[in-house]
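A.B. asks: Questions regarding the structure given below will be posed in turn.
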Amino acid sequence: MNNKKITKIEFLRDFIIKNISEGGILIEATYSLPLNSTHFLRISYKELDFSIKGIVKRIEKDIRNDKEIFKIAFEFIEVNSKQRNNLKEFINLVKKG
């Protein structure tokens, strides 16, 4: 039995994307997640809508304007070819603006 917590994070709602690649994503949020926990990130942008699984690899805490901010690095895992293609398309759309 897998004890890892699975949650859903709505894309572009509760966090800011700082960096993204085919291998993972770095976000900033006002909440933290457990290190090595597994989560599904839902990516909805323009005509794209898909989920991708990631594991929390790094967390850095910062204080800004008396608020805790967390930089959370995810590594994408168990990515199938359709998700990989959607991810590439998302990255290209974001670069174009």
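A.B. asks: Residues of segment 46-58 being surrounded by fewer than 16 Cβ atoms within 10 Å (Cβ to Cβ) and out of contact with any Phe, Trp or Tyr (no Cβ under 6 Å at 6 or more places or on another chain), which ones?
C.D. replies: Selection gives Lys46, Glu47, Asp49, Lys57, Arg58.
A.B. asks: Is one or more of the residues making up segment 41-49 touching a Leu at 6+ places or on another chain (Cβ under 7 Å), part of a helix (DSSP H, G or I) and aromatic (Phe, Trp, Tyr)?
C.D. replies: no
Here's the yes/no breakdown for (1) hydroxyl-bearing (Ser, Thr, Tyr); (2) in contact with a helix residue (DSSP H, G or I) (Cβ under 8 Å, 6 or more places away or on another chain); (3) modelled with pLDDT of 90 or more:
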| site | (1), (2), (3) |
| --- | --- |
| Met1 | no, no, no |
| Ile16 | no, no, no |
| Ser44 | yes, no, no |
| Glu60 | no, no, yes |
| Asp66 | no, no, yes |
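A.B. asks: In segment 77-87, how many residues are among the basic types (Lys, Arg) and surrounded by fewer than 12 Cβ atoms within 10 Å (Cβ to Cβ)?
C.D. replies: 1
The values are calculated or read from the model by the stated rules, or taken from the named source; none is laboratory data. Here the structure is a predicted model, which means the values were calculated and not measured. With ideal geometry, Cβ positions are generated from the backbone for all residues, glycine too; neighbour counts draw on all protein chains shown.
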